[in-house]
Amino acid sequence: MGNSNPLPVLNAGMGLMPALGTTPRIGSLLIKPASAVCNLDCEYCFYLDREADPYASLPARQMTGETLERLVETFLFYSYPNSVFAFQGGEPMLAGLKFYRRLIELEKEHGRDGQNVSNALQTNAMLIDEEWAELFHEYHWLLGVSLDGPAEIHDRYRLNKGGQPTWKRVMQSVEILQKGRVDFNILCVLNQANVEKPRELYKFYKSLGVDNVQFIPLSEFFPDGSPMPFTITPQQYGRFLCDTFDLWWPDRRKMRIRFFDNLAEALAGQRPGSCTLHETCDSYVVVEYNGDIYPCDFFVEQDWKLGNVTIDSWPEIARRQRRFNFASKKTLARPECQVCEYQGICHGGCPKFRHARRRSFEDLDYFCLAYKMIYAKAVGPLREEVKKILGHEAPELAMHSISPY
Ligand code: SF4
Ligand code: SF4
């Protein structure tokens, strides 16, 4: 067994583009060992008080040793030679150090010669100490640390159960990770407290010596379709991306901003790391604490359940009609997308952002305007950059027909 460079924490996609009428093999897992349980109480959290969460009322939500063993053994066998395990929550570190030590033992036991096994974990960083850092360093994990900016910005929404600020503790963890030489990136949730401050954010992350940042735009709505107070507008998101692009451009060879990286990957004709830019929603599956499987972390709902790892085999899960149905949600025709010059990269955006306001997959992606703003600005220069790096012209963007497969 070997450890390859872990892929980005969220939506790490591998594998070939799907053939007509099929869904591809499952190349990566997003595992929630403590379900949506968390030790913080961030005001904007999508998981808190979510009515559709099938597990919300269950008291003990923790993956057992048996489920873990079954998961690791079967998935390593199925996904050979490249296996990606990404852990998320709620807060996945609540599963405890012993759980992750056991995971590594199982990976060693069941991994085969030449198998690449990547581990990644997205955390709020409240529990990181030297012991955890040692484990992450030794086994080359990639961590994603949630940090929304300087103290006054971060602490606007990211509070603990007692309503107390968390920024100081995150900063201690960042120091521990840096001292322990753990590979990590920053996940910044764009909300009303920081979306108008691209320069401040960029300067802050640079001052920490961080060279890899991912921005997640917040789009939560009340049942009547009106935006929650922290939700950002498409215009705000578009302006943020454009301003950040200008700040990042001189640093582009040393600083990674996930959105721009993914765009460059798409322009280079590669499959981008982020599922938002894929043609279909089938690059990974979610594994809940009890082994239940879902096609996307935003749709952990009874109607989308694909099976359970303790009962079903991976080929069965991969071939489920529901997986195909979900994957093709992304391809629902929108007149705007059909004539859009960016359709070959954007593929109609993310069904989560289509579904957000009116619970309809047929809506236009809420952030469409933002995408058009940043594509208009960034595609030209990035195409030139890709050409310089590849040494030849980047492929023209294909206009795909928008129909389910
Ligand atoms: S709905 Fe969005 S986040 Fe989920 S798999 Fe599709 S593109 Fe990815
Ligand atoms: S930019 Fe907007 S119109 Fe164009 S493909 Fe994306 S979501 Fe559709």
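No value in this document is a laboratory result; all are computed from the given coordinates. Values in this document were obtained by computation on a predicted structure and should not be read as measured data. Every residue, glycine among them, receives a Cβ derived from its backbone with ideal geometry; neighbour counts consider all protein chains shown.
Values for this structure:
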item: For 265, 384, order by how many other beta-carbon atoms lie within 10 Å, fewest first; result: 384, 265
item: Additional length obtainable on full extension of the chain from residue 56 to residue 159, 0.36 nm per residue less Cα span; result: 35.0 nm
item: At 1.002 mPa s and 20 °C, Stokes D of the chain from Kirkwood alpha-carbon radius, µm² per second; result: 99
item: Cleavage-rule hits, trypsin sites (Lys or Arg not before Pro), region 148-231, DSSP coil, Cβ neighbours within 10 Å at most 16; result: 161, 181
item: Rg and Dmax of region 256-405, Cα atoms only, in Å; result: 16.8, 50
item: Calculated from backbone phi, Karplus (6.51, -1.76, 1.60) coupling profile of region 175-187 in Hz, x at Gly/Pro; result: 5, 4, 5, 5, 4, x, 6, 8, 6, 9, 10, 10, 10
item: Region 218-306: trypsin sites (Lys or Arg not before Pro) in DSSP loop, at most 11 other beta carbons within 10 Å; result: 253, 254
item: Under 5 Å, built H, 5+ apart or other chain: amide partners of residue 296; result: 286
item: Check: the chain dipole with +1 on Lys, Arg Cβ and -1 on Asp, Glu Cβ, in debye; result: 580
item: Lysines whose Cα lies under 30 Å from that of residue 98, excluding same-chain neighbours fewer than 8 positions away; result: 32, 108, 161, 168, 179, 305
item: Long-range amide H partners of residue 190 with built H, under 5 Å; result: 216, 218
item: For region 133-149, 3J(HN,Hα) per residue [Karplus equation, 6.51 cos²θ - 1.76 cosθ + 1.60, θ = phi - 60°, Hz, x = Gly/Pro]; result: 4, 4, 5, 4, 5, 4, 9, 6, 6, 9, 9, x, 10, 7, 8, 8, x
item: Under 11 Å, Cβ to Cβ, from residue 372 - net charge with Lys/Arg +1 and Asp/Glu -1; result: -2
